[in-house]
Every structure is written in C-alpha cells, then in structure tokens.
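Comments concern the structure below.
We did not get these values from a lab; they are worked out from the coordinates using the rules stated. Computed from a predicted structure; not experimentally measured. Here Cβ is always computed from backbone atoms with ideal geometry, including for glycine, and neighbour counts include all displayed protein chains.
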Amino acid sequence: MTDHELLEYAIDIGTRCEVSSWMDLKKILLVSLPPFERSRFSTRDPVTKCQVLNQLEAKITKGFQEKTGIKLELPR
C-alpha cells in the first residue's frame, strides 16, 4: 500500500468513525491493517512512554486535515 493509498484509507475510515484524535485513528488503522503495514507506524518511546509521530504519521494527519477540515488532536 502506498502512502497515498494509506492516506485515502485513513480519511475514509476516520470520517466513518468520526474520530477527533490521531490516537483514535491510529488504533483503528493498526487493528484493520495487515502486519507488514502496521510496522510503518511509530511505537512509544520505551523510557518516556511518549508518542512521537514519524514522517508517515505526520503526512497522514496533515492530509486528513486538508481533505476533511478536521484537525486531529495530537499526543503531547
């Protein structure tokens, strides 16, 4: 799945589920995607347990906002 296809899938599933935060959308995506696609997403920092977006996730959140007008709440 290309980045563009993943973005389109995220927009489709995110609008259907009416998500408002990145973590909610990410959870849905991780459950619905095959394992080799899930590996493209970031994991929590083992020490601080904080979520840090990688380039793909930043691209998805930005594209989601541009296409839907909904700004997803990001982890702090």
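Laid out as a table, the results:
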quantity	calculated
Most mobile of LYS26, LYS49, LYS59 in a GNM of the chain (Cα contacts under 10 Å)	LYS49
Selected from SER20, SER42, SER32 as most flexible by GNM, with the chain as the system and alpha-carbon contacts under 10 Å	SER32
GluC sites (Glu not before Pro) lying in DSSP loop within the chain, provided at most 12 other Cβ fall within 10 Å	GLU18
Nearby aspartates and glutamates by direct alpha-carbon distance to LYS67 (threshold 20 angstrom, same-chain neighbours under 8 apart not counted)	ASP3, GLU5, GLU8, ASP12, GLU18, ASP24, GLU57
Calculated [θ] (222 nm, deg cm²/dmol) that DSSP helices of n ≥ 4 give over the chain, each run adding -39,500 (n - 2.57)	-17500 deg cm²/dmol
Computed FRET value (nearest 0.05) for THR43 with SER21, which takes r as the C-beta separation and R₀ as 30 Å	0.95
Rg over Rh [alpha-carbon atoms, Kirkwood Rh] for the chain	0.94
Whole-number percent relative contact order across the chain, with pairs defined as alpha carbons under 8 Å at least 6 apart	39
GNM flexibility winner over the chain from VAL31, VAL47, VAL19 (Cα, springs under 10 Å)	VAL47
Amide H contacts of SER42 (H built 1.01 Å from N, under 5 Å, at least 5 apart or other chain)	ASN54
